[in-house]
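Comments concern the structure below.
No value in this document is a laboratory result; all are computed from the given coordinates. On a predicted model such as this, the values are computed, not experimentally measured, just so you know. Glycine also receives a Cβ, built like all others from the backbone with ideal geometry; neighbour counts cover every protein chain displayed.
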């Protein structure tokens with residue numbers, strides 16, 4: 001699980017890359033759950049929360065940029 005402070009320290013391109021990786025991981029977890037079950041189903045919830053955190057930070061940055069312009 002990623003901490004919000006770590007997410008805020010990352011640059012926007014890094015966050016976009018991390019977001020892509022997390023979405024891929026979420027897909028793999030869901031696929032694994034559907035086919036043979038997971039050892040830790042809570043991992044899906046953690047990945048979803050990380051995705052939401054990153055999206056929130058990216059949205060905050062876009063709003064801040066639009067206010068500056």
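Values as computed for the structure displayed
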item	result
Where a label projected 7 Å from the Cα of residue 12 along Cα→Cβ would reach, residues of segment 42-58 with amide N under 12 Å	58
For segment 1-41 and segment 46-69, distance of Cα centres in Å	16
The chain: radius of gyration over Cα atoms, expressed as a fraction of 2.2 N^0.38 Å	1.30
Relative contact order (%) - the chain, alpha-carbon pairs under 8 angstrom, separation at least six	45
Nitroxide proxy distance, nm - points 7 Å out along Cα→Cβ at residue 1 and residue 61	2.4
Over the chain: helical MRE at 222 nm, DSSP H runs n ≥ 4 each giving -39500 (n - 2.57), nearest 500	-28000 deg cm²/dmol
